[in-house]
Amino acid sequence: MAQAVATLEHTQTQGAHGAGHEAGHGHSDHPPTSTGIDHRKLLMWAFLASDCMFFGALIATYLIYRGRAETLVEAGQGVGPLPFEVLDIPYTSISAFVLLMSSLTMVLALAAVQKGNQRGLRVWLIATVLLGTIFLGGQWFEFKSFYQEEGLGLTTNMFGSTFYTLTGFHGTHVLIGVIMLMSLVWVSLRGGVKKDQAINVEVIGLYWHFVDIVWIIIFTLVYLIPYREVHVEGGEAIHEGMIRFTRLLGIG
Amino acid sequence: MATIAQPGTLIAPVAKPGTTGLWSWITTVDHKRIGIMYGVTAFFFLLVGGLEALLIRAQLAQPNGEVLSAARYNEMFTMHGTTMIFLAVMPMSSAFFNYVVPLQIGARDVAFPRLNAFSYWVFLFGGIVINLSWLVNEAPNQGWYGYAPLTSASWNPGRNVDFWMLGLQILGIASMAASFNFIVTIFNMRAPGVTMMRLPIFTWATLITSILIVLAFPSITVALLLLMFDRYMGTSFYAFAAGGDPLLWQHLFWVFGHPEVYILILPAFGIVSEIIPVFSRKPLFGYVVMVYAIAAIAFLGFGVWVHHMFTTGLGPTANAIFSGSTMLIAIPTGVKIFNWIGTMFRGSLKFTTPMLFAVGLVSQFTIGGLSGVMHASPPIDGQHNDSYFVIAHFHYVLFGGSIFGLLAGIYFWFPKITGKILDEKIGKWHFWLTFIAFNATFFPMHFLGLAGMPRRQYTYSEASGFATWSSVVSAGAFLLGISFLVFIYNILKSLRSGEKATDNPWDAPTLEWSISSPPPVYNFATVPTISHRDPLWWEKYGGHEPHREEETVEVKIAGIKIGQAEARDENPKDQAVHASEHNDPANIHLPNPSYYPLITALGLFVAAVGLLIGEPVLNIGLLHLPALVPVGGAILALGAYGWAFEPAG
C-alpha cells in the first residue's frame with residue numbers, strides 16, 4: 001500500500017525535482033512545478049514587482065520636482081523651457097495609442113503560438129516590433145525637437161532632468177522589449193517556436209504589457225495633468241494659471 | 001517500507017567528467033559549490049572589513065591618535081560599513097541561501113542554476129570594483145550612506161564616490177538576480193508534501209528576505225542612477241542651487257536602507273530558528289506565528305524609513321507617524337524573541353557551539369533592539385543622532401545579531417558542507433572570546449555616545465574625557481580580531497583532522513540532514529516526500545518531541561511511541577519522509593556547466609572599469625562614452641545571447 005500511495009504522489013508531483021527548467025529546455029507541455037506556474041513566468045512576475053518599485057522611485061522623483069523649474073523661473077533664477085511650453089499632447093497621444101495597440105498584437109501573437117500557428121505568430125510579433133519601434137521613433141523625434149528647437153537639455157533645468165530621466169528609462173524598457181521580441185522573431189524564422197515554448201512568448205508578453213501600463217501612468221502624470229504657466233515679461237513673472245483662476249472667481 | 005534515501009548506501013556517487021579543478025569551479029552551476037564560493041568570498045571580505053575596523057580603533061585608541069590621517073579615516077569608516085554590509089553579511093547570508101535552501105525543500109538545484117552562477121560572479125566583480133579604489137588611492141570617503149552633497153562632483157571631485165557608486169550598482173544587480181532565483185525556487189521547487197507551512201523557518205526567512213531585496217533595491221538603484229547623472233552628466237538632482245534637494249537622496253536611500261536592515265538580520269533569525277529547536281530537543285515554539293512575525297517585520301520595514309531622518313526637519317506630523325510605525329516593529333520582533341525563549345523553555349538544552357552563538361544572538365540582539373526602541377522616539381533620537389550611542393545600537397543588532405547568527409550557522413552546517421565537525425572545544429573558546437570581546441567593544445560605546453562623543457570624527461582631544469572608554473573599546477576590538485584568528489584556526493584544524501560528521505550529527509529535523517555529509521552533487525538520489533513539518537523527527541520519533549528519549553521517565557514513553565510508529569508502518573500517512581521515486585543517480589538529469597554567466601558578469605565589470613578609467617573617449621553624437629563602456633556592453637550582450645541559446649542541459 002505504501003508503494004501505491006507513493007506512486008500516486010509521484011505522478012501528481014513528479015516535476016518538483018527537475019532542476020533547471022530554463023529557456024530552451026521545454027521537454028513537456030507544462031514543466032511541472034509546486035505551484036503549477038512555470039519558473040520563467042514566476043521569475044517575470046517577481047521582476048515586474050521589482051520594476052514597479054523602480055518606476056515608483058523614478059515617478060516619485062518626477063512628482064517631487066514637479067514645478068521646481070517654474071518656481072526658479074518666477075524667482076528670476078532659472079531658465080525655461082517649461083513643461084507647458086514644450087509638451088505636445090496630441091503628438092504624444094498618437095504614440096501612446098500606438099504603444100497600446102502593440103499590446104493587442106502581442107496578445108494575438110501569443111494566441112497564435114498557443115494554437116501552433118507559426119505564420120500568425122510571426123506576423124503579430126513583427127507587428128508588435130513595428131509598433132514598438134514607431135513608439136521609440138516618436139520618442140526620438142520628441143527628444144530631438146525638445147533639444148534642438150526648444151533648447152531643453154538634460155541639464156537645462158529640473159524639468160529637463162526629471163523628464164528625460166523618467167521617459168528615457170521607460171524608452172529603454174521598450175527598447176529592451178523590442179530586442180527580446182526581435183529575438184523571438186529570429187527563433188521563429190530559424191525553426192519555429194514550438195507549442196511547448198509558447199511560455200517564452202507569454203513571458204516576454206507579460207513584460208511588454210507591463211511596459212505599456214507604465215506608459216499609461218507616465219503619460220497621465222507627465223503630459224495630461226496641466227502645469228502652471230509662467231510668463232516672464234520685463235523681469236516679472238505672471239501666473240497664467242492664477243490669472244485664469246481669479247477671473248473665474250470674478251475677483252481678478 | 002520506504003525510507004529516506006541513503007545515496008551513499010544505494011549506489012556510489014558517479015564521478016562525472018570535469019568535476020574537479022579550477023575550470024569546474026568557474027563553470028559550475030551547482031548551488032552547493034556556488035554557496036561555498038559565496039561563503040569563502042564573503043569571509044574574506046569580512047576579514048577585510050574587520051581590518052578596516054581595527055585601523056579605525058587603532059586611530060581612536062588614544063586622544064590625538066596619528067595612525068590615520070583625517071582623509072584616510074573617512075575612507076576607512078566608509079569602506080568598513082560598505083564592506084561589512086554589502087560584501088560580508090549579505091553574501092554570507094546568500095551562501096546559506098544557496099547551500100541550504102534547495103536541500104531543505106528537497107530540490108536538486110535552484111530554479112535557474114546559471115542565473116545563480118551569474119549572481120555570484122556579479123557580486124565578486126562588484127566587490128572588486130569597490131576595492132580597486134585602494135589601489136589608486138581614491139577609496140570612497142563619503143560614508144556608506146553617501147549623503148548628498150558629500151557625493152557631489154563639486155565637493156568630492158575625485159573618483160572616490162565613483163568607485164562606490166558603480167560598485168554598489170553592480171552589487172545590486174547581483175542581489176536582485178539571486179533573490180528572483182530564490183523566490184522562484186522556494187515557490188516552485190518544493191518536493192512533494194513540502195507545503196508552504198511545512199517549510200523550515202530558514203527557508204521562510206530566505207523567501208521573505210528575497211522579497212525584501214527585490215522590492216527595496218530598486219530604490220537605491222534609482223538613487224544611484226540619479227547620482228551617476230549628477231556626477232557624469234551634470235544634472236542637479238541632489239544639488240540645491242538648481243532646484244534639486246539633497247533630502248531626495250536620503251529618502252530614496254532609506255526607503256532601501258531600512259528594509260536593508262531586515263535583509264541583514266532576517267537570515268540570521270532564520271538560522272537561529274533552526275538551531276534552537278535542535279539543541280532544545282523540541283520543535284520550534286509557535287511556528288506559524290514565527291512565519292507571520294517575519295512577514296510582519298518585512299512589511300512594516302517599508303514604512304519606517306523616516307526614523308533615519310528625524311533630525312532633518314520633516315516636521316512633527318511625519319516624525320510622529322514614523323515614530324509610531326517604528327515602535328510597531330518591536331511587536332513582531334518581540335514575538336520572535338519570546339518564541340525562541342518558549343522553544344528553550346523546559347527543553348533539554350545542549351550548549352554546543354552553534355547553540356551558544358544562537359543564544360548569543362537572542363540576548364545580544366535584544367540589547368540592540370531595546371536601544372532601537374529608544375531611537376524610535378524623535379526627541380531621544382535627536383539626542384543620540386550622530387553619536388556613538390547609535391554605533392553601539394547598530395553593532396548590537398548587526399554583530400550581536402547578524403554575525404552571531406551567521407557564525408552559529410557556520411558551526412551548525414559546517415558538518416553538512418565539509419563532512420567534518422568543527423572542534424567543539426575550540427569552538428567554545430571562540431564563542432566566549434567573541435562574546436566578551438564583543439561586549440567590551442560595543443557596550444562602552446553607549447557611555448561614549450551619551451557623553452556626547454560624535455561619530456565619524458577621526459580624533460578627539462584629551463580634554464574631551466572620551467579617552468578611557470575609547471581605549472577599552474579599542475582593546476575589545478583587538479580581542480575581537482583575535483577571536484576571528486581562533487575561528488580560522490578551528491576551521492583549518494577541523495578541515496584537516498576534524499571528527500568525521502555523520503549524515504545527521506546533531507539529530508536535526510530538516511531534509512538537508514537526510515543525505516550524506518557532504519551531499520552528493522545531485523542532492524537527493526530519491527526525491528523525498530514529506531507529510532509533516534520537521535520530517536526527520538516525525539519519522540524517527542513518530543511525531544513526538546525528540547527530547548523524551550533523553551530523560552529517564554520519557555525514554556519509556558518514547559519506547560512505546562516508537563513501537564507504535566513502527567506498528568503503523570503499513571500506513572504511509574505516518575511516514576514523514578518516504579520515497580516518491582527511485583532513481584539511479586547516474587540517470588539524474590543535472591544542468592550542464594556554463595561559462596556564459598561569468599562572461600555576462602565580466603561585461604558589467606569591464607563597463608564599470610571603463611567608466612572609472614574614463615579614457616579614451618568615444619564621441620557618438622551627443623554621447624561622450626569611455627571606450628571600454630561599449631566594449632563591456634558588447635561582452636554583456638554576447639554573454640547574454642550565448643546564455644539564452646545555450647542548451648540548459
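The values are calculated or read from the model by the stated rules, or taken from the named source; none is laboratory data. As the structure is a computational prediction, the values presented were derived from the model and not from experiment. No Cβ is skipped: glycine too gets one built from the backbone with ideal geometry, and neighbour counts run over all protein chains shown.
Scanning segment B:340-349 for residues that are in a helix (DSSP H, G or I) and in contact (Cβ under 8 Å) with a residue 60 or more places away in the chain, which turns out surrounded by the fewest Cβ atoms within 10 Å (Cβ to Cβ)? Out of the qualifying residues, it is B:344. Can you say whether residue A:120 is within 14 Å of another protein chain (Cβ to nearest Cβ) and over 24 Å from the mean Cα position of the chain (by Cα), as far as the supplied structure shows? For residue A:120, the condition - within 14 Å of another protein chain (Cβ to nearest Cβ) and over 24 Å from the mean Cα position of the chain (by Cα) - is not met.
Would you check if there is a residue in segment A:94-113 being exposed (fewer than 15 other Cβ atoms within 10 Å of the Cβ), at pLDDT below 95 and not aliphatic (A, V, I, L, M)? The answer is no; no qualifying residue exists. The residues on offer are B:247, B:266, B:252, B:227, and the sole one that is within 11 Å of another protein chain (Cβ to nearest Cβ) and surrounded by 24 or more Cβ atoms within 10 Å (Cβ to Cβ) is B:252. Of the residues making up segment B:487-518, those that are of a type in the set (Gly, Ala, Ser) and either surrounded by 17 or more Cβ atoms within 10 Å (Cβ to Cβ) or at positive phi (or both) are B:494, B:498, B:501, B:508, B:514, B:516, B:517. Comparison of B:118, B:112 shows that the only residue that is within 13 Å of chain A (Cβ to nearest Cβ), farther than 22 Å from residue B:44 by Cβ and among the aromatic types (Phe, Trp, Tyr) is B:112. Quick one: would you say residue A:189 is of a type outside the set (Asp, Glu), surrounded by fewer than 20 Cβ atoms within 10 Å (Cβ to Cβ) and either assigned to a helix (DSSP H, G or I) or at pLDDT 80 or above (or both)? Spelling it out, residue A:189 is indeed of a type outside the set (Asp, Glu), surrounded by fewer than 20 Cβ atoms within 10 Å (Cβ to Cβ) and either assigned to a helix (DSSP H, G or I) or at pLDDT 80 or above (or both). Please work out if residue B:291 is surrounded by fewer than 24 Cβ atoms within 10 Å (Cβ to Cβ), away from chain A (no Cβ under 14 Å) and closer than 22 Å to residue B:95 by Cα. Yes, satisfied. Where helices (runs of 4 or more DSSP H) fall entirely within segment B:388-462, those with at least 3 residues that are surrounded by fewer than 17 Cβ atoms within 10 Å (Cβ to Cβ) are at B:424-450.
Here is a yes/no grid of residues against (1) touching a Phe, Trp or Tyr at 6+ places or on another chain (Cβ under 8 Å); (2) farther than 26 Å from residue B:104 by Cα:
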residue	(1), (2)
B:248	yes, yes
B:288	no, no
B:302	no, yes
B:305	yes, yes
B:309	yes, yes
B:313	no, yes
B:325	no, yes
B:333	no, no
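Pairing each residue of segment B:523-540 that is in contact (Cβ under 8 Å) with a residue 60 or more places away in the chain and within 14 Å of another protein chain (Cβ to nearest Cβ) with any residue that is polar (S, T, N, Q) and in a helix (DSSP H, G or I), provided the two are 6+ apart or on different chains, yields no C-beta distance under 6 Å. Checking B:161, B:129, B:194, B:214 one by one, the residue that is of a type in the set (A, V, I, L, M), under 30 Å from residue A:39 (Cα atoms) and in a helix (DSSP H, G or I) is B:214 and no other.
Checked against (1) under 30 Å from residue A:197 (Cα atoms); (2) surrounded by 16 or more Cβ atoms within 10 Å (Cβ to Cβ); (3) more than 13 Å from the chain's Cα centre (by Cα), residue A:174 passes all but a single condition, namely (3). Residues in segment B:220-262 that are under 17 Å from residue B:154 (Cα atoms) and either of a type in the set (Gly, Ala, Ser) or not assigned by TED's automatic domain parsing to the domain that holds residue B:206 (or both): B:234, B:236, B:239, B:241, B:242, B:243, B:244.
Considering B:599, B:635, B:562, B:588, the condition of being within 14 Å of chain A (Cβ to nearest Cβ) and either within 30 Å of residue B:33 (Cβ to Cβ) or modelled with pLDDT under 85 (or both) is satisfied by B:588 alone.
Residues in segment B:350-384 that are outside any helix (DSSP H, G or I) and surrounded by fewer than 17 Cβ atoms within 10 Å (Cβ to Cβ): B:350, B:351. Output the number of residues of segment B:113-144 satisfying the condition of being surrounded by 24 or more Cβ atoms within 10 Å (Cβ to Cβ) and free of Cβ contacts under 8 Å to residues at least 24 places away in the same chain. Residues meeting the conditions: 0.
When segment B:182-206 is limited to residues that are within 11 Å of chain A (Cβ to nearest Cβ) and under 18 Å from residue B:264 (Cα atoms), the one that is surrounded by the fewest Cβ atoms within 10 Å (Cβ to Cβ) turns out to be B:183. Restricted to helices (runs of 4 or more DSSP H) entirely inside segment A:32-106, those with at least 2 residues that are within 9 Å of chain B (Cβ to nearest Cβ) are A:39-64, A:68-74.
One line per residue, one yes/no per condition, for (1) free of Cβ contacts under 8 Å to residues at least 24 places away in the same chain; (2) β-branched (Val, Ile, Thr); (3) farther than 30 Å from residue B:336 by Cβ:
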| residue | (1), (2), (3) |
| --- | --- |
| B:230 | no, no, yes |
| B:238 | no, no, yes |
| B:264 | no, no, no |
| B:268 | no, no, no |
| B:272 | no, yes, no |
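Matching residues to (1) over 30 Å from residue B:530 (Cβ atoms); (2) touching a residue at least 12 places away in the same chain (Cβ under 8 Å); (3) assigned to a helix (DSSP H, G or I); (4) β-branched (Val, Ile, Thr):
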residue	(1), (2), (3), (4)
B:482	yes, yes, yes, yes
B:485	yes, no, yes, no
B:492	yes, no, yes, no
B:505	no, yes, no, no
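The single condition among (1) more than 8 Å from chain A (Cβ to nearest Cβ); (2) over 31 Å from the mean Cα position of the chain (by Cα); (3) closer than 24 Å to residue A:167 by Cβ that residue B:241 does not meet is (3).
Report, by residue number, each residue of segment B:53-72 that is assigned to a helix (DSSP H, G or I) and under 12 Å from residue B:457 (Cβ atoms). Within segment B:53-72, B:56, B:59, B:60, B:70 qualify.
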